[in-house]
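Chemist: The structure that follows is given in the form of structure tokens.
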Amino acid sequence: MTKVRFYQNRRGEILGFQTIGHAGYAQSGEDIVCAGISALVLNTINSIELFTNDKQIIETDEAKGIIRMKLSGSPSKEAQILLKSLRLGLQNIEDEHGRYIQVSIKEV
């Protein structure tokens, strides 16, 4: 199972997220749930880098299926839209494949 945790402040701004684990829907290379999660996460990270001035701190461990992203400083409106879109997409995957992905939100 892939566990995704979004970190947000009291104002509801998303400050970052982490993903841990592999979905386990199918064998590596054929796992459509893992592929969907990866595509959304990587596209969000790349979009924040390309389309905003926000700075990101990113940590990864491919073997353990870990991706951590934290925004450095106050998040821009554009980054918030991208992160909320990521959360929506992952929650939609969770709605269809809840045995393989768990999305949660933690206030920090």
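Chemist: Along the charge dipole of the range 17-92, Cβ charges K/R +1 and D/E -1, which of I48, A35, G21 sits furthest on the positive end?
Modeler: Of the candidates, I48 comes out farthest on the positive side.
Chemist: Roughly how tilted is helix 77-96, in degrees to the nearest 10 and between 0 and 90, from the longest Cα axis of the chain?
Modeler: The helix 77-96 is inclined about 20 degrees to the chain.
Chemist: Now for a different question. Return the calculated 222 nm mean residue ellipticity for the chain, to the nearest 500 deg cm²/dmol, obtained by summing -39500 (n - 2.57) across DSSP H runs with n ≥ 4 and dividing by the residue count.
Modeler: -12500 deg cm²/dmol
Chemist: Over the chain, what is the relative contact order in percent, taking alpha-carbon pairs closer than 8 angstrom and at least six residues apart?
Modeler: 39
Chemist: Select from the range 49-108 those trypsin sites (Lys or Arg not before Pro) which occupy a DSSP coil region and have at most 12 other Cβ atoms within 10 Å, ordered by residue number.
Modeler: In loop regions of the range 49-108 (DSSP not H, G, I, E or B), the sparsely surrounded trypsin sites (Lys or Arg not before Pro) are R99.
Chemist: Continuing with this model, one more query. I'd like the GluC sites (Glu not before Pro) in the range 1-97 restricted to DSSP loop residues with at most 14 other Cβ atoms within 10 Å, sorted by number.
Modeler: Passing both the DSSP loop test and the Cβ count: E30.
Chemist: Could I ask something else about it? Take every DSSP beta bridge with both residues inside the chain and express the antiparallel ones as a percent of the total, to the nearest 5.
Modeler: 70
Chemist: Full-extension gain between I105 and F51, please, as 0.36 nm times their residue separation minus the C-alpha to C-alpha distance.
Modeler: 17.0 nm
Chemist: Only Lys, Arg, Asp and Glu count, each charged at its Cβ (+1, +1, -1, -1), so figure out the dipole size of the chain about its Cα centre, rounded to 20 debye.
Modeler: Once rounded to the nearest 20, the dipole reads 480 debye.
None of the figures in this text is laboratory data; all of them are computed from the coordinates on show. It should be emphasised that the depicted structure is a prediction, and the values quoted were computed from it without experimental measurement. For neighbour counting, all protein chains shown are included, and Cβ atoms are generated from backbone atoms with ideal geometry for every residue, glycine included.
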